[in-house]
Amino acid sequence: MNQASSVTPPPTRMSSSPLKETAISIIWLLCALFAVVTVFFILLYLVWDGLPLFNEYGLWPFLAGVTWSPTFDPPAFGILPLIVGTLLVTAGSMVVAVPLSIATAIYLSEVAPYRVKVLVKPAVELLAGIPSVVYGFFGLIVLVEWLRVTFDAPSGESMLAGSILLGIMALPTIISVSEDAINSVPREFREGSLALGATRWQTIRQVVVPAALSGITAAIILGMGRAIGETMAVLMVTGNAAIIPSPITNVLSPVRTLTGTLGIEMGEVAIGSLHYHALFALATVLLVITLIVNLGASMILKRLNARATGRAHAGRTVLESIFRHPATSAAPIALVALLVVAVIGSMGGPYYAGAALLVVAVLALVVPRLSRARSQQLAFLLIYAAVGAVLLILAIILFDIISKGLPALSWEFLTSSPRDLGREGGIFPAIVGTLCLVAGSIAFALPFGVGAAIYLVEYQRDNRLTRTIRTGVDLLNGTPSIVFGLFGFAFLVLFLGFGVSMLAGQITLGLMVLPTIIRTTEEALKNVPQSLREGSLALGATRWQTIGRVVLPPAAPGIITGMILSIGRAAGETAPILFTAVVFSQRYLPSSVFDPVMALPYHLFILTTNVPGSETNKYGTALVLIMLVVAIYAVAIVVRNRYHTTMRL
Amino acid sequence: MATIPEQIIETRGLNLWYGPCQALIDVSISVPARRVTALIGPSGCGKSTLLRCFNRMNDLVSDCRIEGTVSYHGTDVNDSAYDVVELRKRVGMVFQKPNPFPKTIYDNVAYGPRVHGEKDRAKLDEIVERSLRRAALWDEAKDRLGDSALGLSGGQQQRLCIARTLAVEPDVILMDEPCSALDPIATAKIENLIDDLKEHYTVIIVTHNMQQASRVSDYTGFMYLGELVEFGETLQVFEAPKEALTERYITGRFG
C-alpha cells in the first residue's frame, strides 16, 4: 500500500485469477465447516455410544433413578443423585461467585481509580489462568482441611467445598463479562443521571446496572456453564458419594457430580459394557444441560447486541422484569437471604438460624432508611469488601503454593525423572510431555481456527450458514472439557486405534481450544476498520489480496494473543488428556506421537489424590504448572497491551 | 439599556487544563439570571468546557485541573465542602446528543425526583405531566408514557431530556449544542421552548450556529482558543462587536 504511489505495478500483478480466489475462499469455508461438523459429530458419537443403555435400561429409570451403583449386581444406573449433586454445587457456587463478581465488576468499571484498576484487572485474569487441577489441589489440601476443622465435621470433602471452589473458579468469567457489559453502557447515561443530581451510587444502581442487566445475566449464565462443566477441581473436593444430601440444605454432605463421575469411572470401565454405555449416556445428559445453559447465554447476548445497535425492540428477560418491577425488585435479595438463613440453620442449629434471621431483619429495616450519602458509603464499603475478598483469595492461593513449592524447585527436580511414585526425583518427562501436547494441539487448531474466522468475517458476515457455524462454535466453546476427553477416548483412542497416545491428546486438546482461536481471531479481524478494506478494494485488489496484505497484518497481534491464550488453556487442562494421552510414570521420553506421555496437570492430580507423603513434590509440581501457565498468559498480556488490542483474556 | 439583572453564575480568572493542554485561559464571565446566554466560537475554543465547569461535570475527566473560581449564587462551587450533587440538582444539563435512559418515558422524567427521594406516585404523576408540558412533549407522549424512551424520534428524545432536567426543578439549565443532532423542524421546536423557559429559568446554551445564538439568546459570549473574547448583549455583540476578532468570526471570515 505504501509503495503504491511511487511504483505503479503492472496490471497483471494485482489481478489474480478468479479461479485462485475461489479456491482460497473454499479453503476457508472448509475450515469453518470443520468446526460445525465436529460439534455435531461429537454429539452424535456420544448419543450413539449411549444408546445401548437407553435400550437396555430405559430412559426413565436412568434419569429418575436414585441409585448409581454401576458395579453392583444387578447394577443400578440412576443419575438423579448426580444431577442433583451438579445442580446443588453449581447453585452454591453462584451464591459465592455472583455477589463478589458483580461487586468487583462494578468496582472495576465505575469506582476504581485508573492506577488501582490496572493492578486489580490482571489479578482477576491471573485467577482465570490458574489450572483447574491446581484449584483442586489447593481445595483438597487447604480448603477441605479448613472446613473439617472449622465445622468439626468427619470430612471436609463436601458440597460446600465444591461450591466455594467452583465459585472462585467462576469469578473471572462473571467479572470480565459483567465488566464488559457495564463498560458498554453509554457514558451519556451516567452523565445524564449525575447531571440530575443523582449520587454516584444512585447512578450505578438505577441507571448503569439496569442498563447492563442483560449482559450481567449472560455473565452469570456463562459462569454457571463453567461451573457445571468443571471436572477436576470438583472431583477432588466433593467426596464423590452418589447420594442426595439429606436434608437438602446440608452443605457439609458429600455429593457427586456428573462430570466427577465421568472423571472417576471412565478410566476403569470395561469397554463395551453396559456401564461404559451408561457413562456415554451420562455425558449426553451433561452435554445437553450445558448446551441449554450456553445457548441461553448467547441468545441473551445476541439480543443485547441487537438492542445496542437499535435493530430490535427487544423485550426483557425474566430477570430484568423481576429486578425492574418495584414490587419484586427486592425478591431475589430476600430469596438469597432466606437461603443463607436455611443453610446456617442446618449447620449450626436453630439458635444460629434465629440470629441470622435477626440480622437480616435489622438490615431490611435499616437500609432503606439511610440517607443518600450514607447508603452510598455503605454500598461502596460492601464493594471494597468484595474486591478485597477476591484479592485475598488469590493471595492465599498463591502464597500457599509459592511458599511451599519453592523449596522443591531445584535443577534436579526440573531435569530428572520421577522415582518412588513421584515422591522423589523430578518432573522432567511431565514438562516435556506437556510442551509436546500443547505444541501439537496448537499446530492442529491454529490453521482451522484462523481459517474459519477469516471465512466468517471476511467472506460471509451474516447468513444462515454463518449463523449455523457461529452456533456450532458457541456450542463447542461451552462443551465441558471432560466431554472432549470422552470423545477423544472413544473415537481417537479406540475407534481409530491411536491407543493412549500423544497424538490422541493433541487432537483432543486442539478441538477444545478451537473455539477460543476462532473467536479471538474473529474479534481481531472485526477490529480492522472497514475503510482499510475499501481503500484496498478500490485500488483494484482482490479480496484475498486485501485480506492478506491489508487486513491480516493489523489483526496479527490479536490473533497471536488468542493463540497464546489457547496455549495457556491447553497446558493447564487435565480432563481431555485423562483417558487419551497420559500415563503417570514414564522413564523415557516418548519416541513417536503414538507413545503415551506424562503431563504436568495429570502428574499433580495423581500425586494429590493417590500418593500420600509426596508433599514437597506436589507443591513443586503445582508451582511449576502455575509458573508455566502464568508465564504464557503474561506474554499474552504484554502482546495485548503493546498493540492496544481489546482482547479479553 | 435595560436594568441589569442579578448575576447567578460567575467565574473569575478561570483556568483549566486537560493534562498538559490548557483549555480555558483566564475566563471571567457573569451570567445573568432568567435570561438566555449563548456561548459561541469555533470548534475547540472551550465553550463546552466552560459550560461543564458550571455543574462540575469536568470532575468526571480524570486529568482535569482547575484554577480560579466558579461561583453559583456567590458560593465557590469548586470548594471541597460544596455538595456537587446539590449543585447538579440546581444546575441541570442537556447534552449534545439526546441521552434518554433505556427506561420508559415516564421513568425517565421521574428518575430525577425519585433519586431525590420523591416516592408518592400521585406527586410523581403530577411532576411528569408538568415537566412534559413545559418541554412541549406532553401531547405527543401522554398516550405512550409506558413505552421505551428509545422509541421516540431524535427531537422528541431531546425534549424528553429537557423534561427530565425540568423535573428536578433546577434554576439553571445548561445546554450543550442541544440541536446539533436534530433536523430543522425539531430545532425550531427546541428554540421556541428555550424562549419559554427563560421565564422561569436561566439558560446557558453552547451553539455552533450563529443564527441560533442571535435568535434565542439575550446575551452572547464569544470564545476563541480558550479565552472569552467578548461578552455582552446579543444585539450589541452581533451588530456592533467591540473586538475585531468577534466581528471577523461573525461575518464568517474564519471559523
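The values are calculated or read from the model by the stated rules, or taken from the named source; none is laboratory data. Quantities reported herein were computed from a predicted structural model and do not represent experimental measurements. Here Cβ is always computed from backbone atoms with ideal geometry, including for glycine, and neighbour counts include all displayed protein chains. Ligands, DNA and RNA are stripped out before the accessible areas are found, and what is left, the full protein with its side chains, is counted by its heavy atoms. Shrake-Rupley method; radii C 1.70, N 1.55, O 1.52, S 1.80 Å.
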message = All but one of (1) open to solvent by 10 Å² or more (accessible area, probe 1.4 Å); (2) closer than 30 Å to A:ILE577 by Cβ; (3) not β-branched (Val, Ile, Thr) hold for A:ARG205; state the number of the condition that does not hold.
response = (2)
note = Per the filter on segment A:581-616, residues within 19 Å of A:GLY510 (Cα to Cα) and within 21 Å of the chain's Cα centre (by Cα) are A:ALA599, A:LEU600, A:PRO601, A:TYR602
query = In the list A:LEU53, A:LEU82, which residue meets the criterion of being part of a helix (DSSP H, G or I), under 26 Å from A:VAL336 (Cα atoms) and of a type outside the set (S, T, N, Q)?
reply = A:LEU82
inquiry  = For B:VAL85, only one of the following conditions fails: (1) of a type in the set (A, V, I, L, M, F, W, C); (2) closer than 14 Å to B:VAL168 by Cβ; (3) surrounded by 22 or more Cβ atoms within 10 Å (Cβ to Cβ). What is its number?
reply    = (3)
request  = Provide a single number: the residues in segment A:469-507 that are polar (S, T, N, Q) and in contact with a helix residue (DSSP H, G or I) (Cβ under 6 Å, 6 or more places away or on another chain).
outcome  = 3
ask   = Limited to segment B:33-42, what total is found for residues that are surrounded by fewer than 22 Cβ atoms within 10 Å (Cβ to Cβ) and either at pLDDT 95 or above or small (Gly, Ala, Ser) (or both)?
value = 1
message = Can you confirm whether B:PHE222 is aromatic (Phe, Trp, Tyr), outside any helix (DSSP H, G or I) and either open to solvent by 10 Å² or more (accessible area, probe 1.4 Å) or modelled with pLDDT of 90 or more (or both)?
response = yes
Boolean, A:SER214 is surrounded by fewer than 24 Cβ atoms within 10 Å (Cβ to Cβ) and either under 19 Å from A:ILE106 (Cβ atoms) or within 14 Å of another protein chain (Cβ to nearest Cβ) (or both) = yes
ask   = Which of the residues spanning segment A:42-62 are among the hydrophobic types (A, V, I, L, M, F, W, C) and surrounded by 15 or more Cβ atoms within 10 Å (Cβ to Cβ)?
value = A:ILE42, A:LEU43, A:LEU46, A:VAL47, A:LEU53, A:PHE54, A:PHE62
query = What number of residues within segment B:86-118 are without any contact (Cβ under 8 Å) to a residue 12 or more places away in the chain, outside any helix (DSSP H, G or I) and at the interface with another protein chain (Cβ under 9 Å from one of its Cβ atoms)?
reply = 1
message = Residues that are open to solvent by 10 Å² or more (accessible area, probe 1.4 Å): list the helices (runs of 4 or more DSSP H) wholly contained in segment A:459-565 that include at least 3 such residues.
response = A:464-478, A:502-526, A:530-538, A:543-546
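Table: residues versus (1) in a loop (DSSP other than H, G, I, E, B); (2) at pLDDT 85 or above; (3) surrounded by fewer than 23 Cβ atoms within 10 Å (Cβ to Cβ).
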| residue | (1), (2), (3) |
| --- | --- |
| A:ALA570 | no, yes, no |
| A:TYR588 | yes, no, yes |
| A:PRO601 | no, yes, no |
| A:THR609 | no, yes, yes |
| A:LYS618 | no, yes, no |
| A:LEU625 | no, yes, no |
| A:ALA634 | no, no, yes |
| A:ARG648 | yes, no, yes |
remark   = With criteria (1) free of Cβ contacts under 8 Å to residues at least 40 places away in the same chain; (2) out of contact with any helix residue (DSSP H, G or I) (no Cβ under 8 Å at 6 or more places or on another chain), A:PRO81 comes up short on (1)
task = Would you be able to say whether some residue in segment B:226-236 is buried (at least 16 other Cβ atoms within 10 Å of the Cβ), touching a Ser or Thr at 6+ places or on another chain (Cβ under 7 Å), among the acidic types (Asp, Glu) and in contact (Cβ under 8 Å) with a residue 60 or more places away in the chain?
result = no
ask   = Looking at segment B:170-188, which of its residues are at pLDDT below 90 and within 12 Å of another protein chain (Cβ to nearest Cβ)?
value = B:ALA181
ask   = Just for segment B:134-169: of the residues that are free of Cβ contacts under 8 Å to residues at least 24 places away in the same chain and of a type in the set (D, E, K, R), which one is nearest to the other protein chains (Cβ to nearest Cβ)?
value = B:GLU169
key: Residues (small (Gly, Ala, Ser) and surrounded by 14 or more Cβ atoms within 10 Å (Cβ to Cβ)) located in segment A:363-384   = A:SER375, A:ALA379
request  = Return the residue satisfying two criteria in turn: it lies in segment B:52-85 and is of a type in the set (Gly, Ala, Ser) and either more than 11 Å from chain A (Cβ to nearest Cβ) or in a helix (DSSP H, G or I) (or both), and of such residues it is farthest from B:LEU24 (Cα to Cα).
outcome  = B:ALA81
query = in contact with a strand residue (DSSP E or B) (Cβ under 7 Å, 6 or more places away or on another chain) and open to solvent by 30 Å² or more (accessible area, probe 1.4 Å) - does that describe any residue in segment B:50-60?
reply = no
ask   = So which residues in segment A:410-436 are open to solvent by less than 50 Å² (accessible area, probe 1.4 Å) and among the hydrophobic types (A, V, I, L, M, F, W, C), if there are any at all?
value = A:PHE413, A:ILE427, A:ALA430, A:ILE431, A:VAL432, A:CYS436
task = Could you tell me which residue of segment A:156-188 is surrounded by the most Cβ atoms within 10 Å (Cβ to Cβ), considering only residues that are β-branched (Val, Ile, Thr) and touching a Gly at 6+ places or on another chain (Cβ under 6 Å)?
result = A:ILE174
remark   = B:GLU10 meets each of (1) surrounded by 15 or more Cβ atoms within 10 Å (Cβ to Cβ); (2) without any contact (Cβ under 8 Å) to a residue 60 or more places away in the chain with one exception, condition (2)
